[in-house]
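Below is one structure; the comments refer to it alone.
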Amino acid sequence: MHAPVRAPMPTGQELVAAIGDLRRRLNAVILAHYYQDGEIQDLADFVGDSLQLSREAARTDAEVIVFAGVHFMAETAKILNPSRQVLLPDLEAGCSLADGCPPDGFRAFLDRHPGHVVVSYINCSAATKAMSDLICTSSNAVRVVASIPRDRPVVFAPDRHLGAWVAKQLDRDLVLWPGSCEVHEQFSERRLVELKVLHPGAAVLAHPECTAALLQHADRIGSTTDLLRFAREATAAEIIVLTEPGILHRMRRENPGRTFLTVPGADESCSCNECPYMKRNTLEKLYLCLRDRAPEITVPEDLRVAALRPIERMLALG
Ligand code: 13P
Ligand code: SF4
């Protein structure tokens, strides 16, 4: 028996048209994070930060959700909207924060901190979510932790830099799981200071996944959506951006007269400020995943229900 002959992979504008055609036929919606390549953001139905994408996934009536982002985001979409088929163009699109907080280790950590309220950043697996009382994103982390009475001890996982920043905002001690984002940790303070000397009037915008050493130089700190807003509000002609450079696609489009600068990592030979997981998604993989309706994200029902509870508590906070 011969394998069925497949049509060749379309290219260029034909590829974009073929994705649009499949999207219509499947009644699919394409959700993309701000860190995706510009060409993916341009054809997505909705582009947003983690919180906005979760809300959009929860309310969509499309039959298929294609998630142009990373695994924990697609998994969250499935947890929120289980009757939809959720596709991720590349199953290897992980996240160092989610991967650095394995369920067994997290369980043992929580056992060492009995009686603590557990707040987990949405960048974690369904298993970690299921062990949490509340989920947060970088847009609402301060608000979520502030909703917990001050006399209750809190474990914050898995990003210690975001957790330390939240603790500082609220002047409150948090027990931090020792995880970090391998991308935001790469930014070099030395290179940032050099850039500030070369561009003395530039404003510095930073994502709270950066280290405290970097955050101390920032004029504004916030989620990807916050950073887009800060860029629109800024009066400086030059803006230094301490987060994944995929966001510059939209920043430049929204602010045509301004210059946006990124900060390289300490190692000049790598583009380590790009998220290697986000960048696994391509137009070709988007096309293939719509064509084959795979790879699909599935979550066992008992785990889904347990992981949904802390997400719903977050969404209820508004
Ligand atoms: P946002 O929630 O700000 O979009 O951040 C997601 C993320 O993965 C940052 O690295
Ligand atoms: Fe995870 Fe960092 Fe990539 Fe965001 S930038 S998806 S936190 S590895």
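Read-outs throughout are calculated quantities, based only on the coordinates presented, and are distinct from any laboratory measurement. This one's a predicted model, so the numbers in the text were calculated from it and none came from an experiment. A quick note on method: Cβ atoms are made from the backbone with ideal geometry, for glycine too, and the neighbour counts reach across all protein chains shown.
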Residue span Glu233 to Lys168: 0.36 nm per residue of separation minus Cα-Cα distance leaves a gain in nm of 21.0 nm
In debye to the nearest 20, the charge dipole size for region 87-197, taken about the Cα centre with +1 at each Lys and Arg Cβ and -1 at each Asp and Glu Cβ, equals 440 debye
If N is the residue count of region 182-250, its Cα Rg over 2.2 N^0.38 Å rounds to 1.01
Stretched fully, the stretch from Arg280 through Lys196 gains (0.36 nm per residue minus C-alpha distance, one decimal, in nm) 27.1 nm
A student asked for the Cα radius of gyration and Dmax of region 165-318 in angstrom ought to give 18.6, 55
For region 151-222, the dipole about the Cα centre with charges only on Cβ (Lys and Arg +1, Asp and Glu -1), to the nearest 20 debye, works out at 140 debye
Comparing Arg143, Arg112, Arg59 in a Gaussian network model of the chain (Cα, 10 Å), the one with the largest mean-square fluctuation is Arg112
Quick note on Tyr277, Tyr34, Tyr287, Tyr121, ordering by fewest other C-beta atoms within 10 Å, gives Tyr287, Tyr277, Tyr34, Tyr121
Magnitude of the Cβ-charge dipole (Lys and Arg +1, Asp and Glu -1) of the chain about the Cα centre, nearest 20 debye, reported as 620 debye
Ordered by fewest other Cβ atoms within 10 Å, a rough proxy for footprinting exposure, Ser139, Ser223, Ser83 read Ser83, Ser139, Ser223
Expressed in angstrom and rounded, the centroid-to-centroid distance over alpha carbons for region 239-318 and region 115-139 is 19 Å
Most exposed to least, judged by fewest other Cβ atoms within 10 Å, Ile239, Ile135, Ile79 sort to Ile239, Ile79, Ile135
For Asn27, the net charge from surrounding residues (Cβ-Cβ under 14 Å; K, R +1; D, E -1) works out to +1
Inverse of <1/r> over all distinct C-alpha pairs of the chain, i.e. the Kirkwood Rh in Å, gives 20.4 Å
Once Arg152 and Gln13 are pulled to full extension, the length gained, defined as 0.36 nm per residue separation minus their Cα-Cα distance, is 44.5 nm
